[in-house]
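Nothing in this text is a laboratory measurement; each read-out follows from the coordinates by a stated rule. If you're wondering where the values come from, they're calculated on a predicted model, not measured in any experiment.
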Amino acid sequence: MGKGANSQLLSNSATAQGEAGTNFGNAASLYGTLAPQLTNQSINPQGNSPTTLAAETTAAMQSAGGSAAGAAGQGKLYEQRTKNAGAAGNAIAAGSQNAGQQLGKQAVGIQVQNANLKNQQQQHAQSELGNLYGTTLGSGNTELGLSNQALGTENQYQDPWMKLLMQGVQSGGQVGAAALTPAAGG
C-alpha cells in the first residue's frame, strides 16, 4: 500500500477492477455467442432464401408468360376480326420474343440483387465483428484505467504525520553524521 493509505482511493480501485472483470465477463459471453454467427455470415452470407428466390423467379416467369399469352390472344382476335389468318403471326412472334427477353432480364436482375444482398450482409458482419472487438476491449480497459488512476493517486498521497516523521529521521541522521565527522583543525 501507499504511504498512509487512503481507503477511498483503494476502494475506488477495487470497484473499478471489479467492474472491469464484470465487463470482460459480459463481453466474453456476448462475444462467444455473436462472434461465431457474425464470422459465419462474413464467410458465407446467405442472401435471399431459396424460397424467396423461387418466388421471385416464378413471378418473373408468370409475368413473361402472361405477356406472351396476351400477345397470342390479341393476335388471334385480330385475325378473327380481319378474317386474315396469317395477319398476326409476326406480331405474335415479336410479342413472344419480347416476353422472353424481359424474362431473361428479370432472371439476371434477381441474381444480381441476391449477390448485392450477400455483399451487404458480408460487409455488415465484418463491421459488426470490428465493433464487437472494440467494445469488448474498450469497456474493460476503461475500467482498468480508472483503477490505475486511483492507485496512482494513492501512491502520490503522503500522510502528513509520516512526512514529519521522515523529516525527523532525516534531521537526526544529519545530526548523527555531523557528530561522527572529526572536527577540522583539531
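Take every Cα pair under 8 Å in region 1-101 that's 6+ residues apart, average their separations, divide by the length, and report that relative contact order as a whole percent. Relative CO of region 1-101 lands at 20 percent. Between Ala55 and Gln174, the contour length at 0.36 nm per residue exceeds the Cα-Cα span by 33.2 nm. In sequence order, region 20-36 has phi-based couplings of 4, x, 5, 4, 5, x, 4, 5, 5, 5, 5, 4, x, 8, 7, 4, x Hz under the Karplus curve 6.51 cos²θ - 1.76 cosθ + 1.60, θ = phi - 60°, and Gly or Pro positions carry x. Estimated at 0.36 nm per residue, the fully extended path between Gln113 and Gln37 surpasses their Cα-Cα distance by 25.1 nm. For region 105-120, the Karplus equation 6.51 cos²θ - 1.76 cosθ + 1.60, evaluated at θ = phi - 60°, returns couplings of 5, 5, 5, 5, x, 5, 5, 5, 4, 5, 5, 5, 4, 4, 5, 4 Hz by residue, with Gly and Pro reported as x. Once the Cα-Cα distance is subtracted from the 0.36 nm per residue extended length, the Thr22 to Gln102 segment shows a gain of 22.9 nm.
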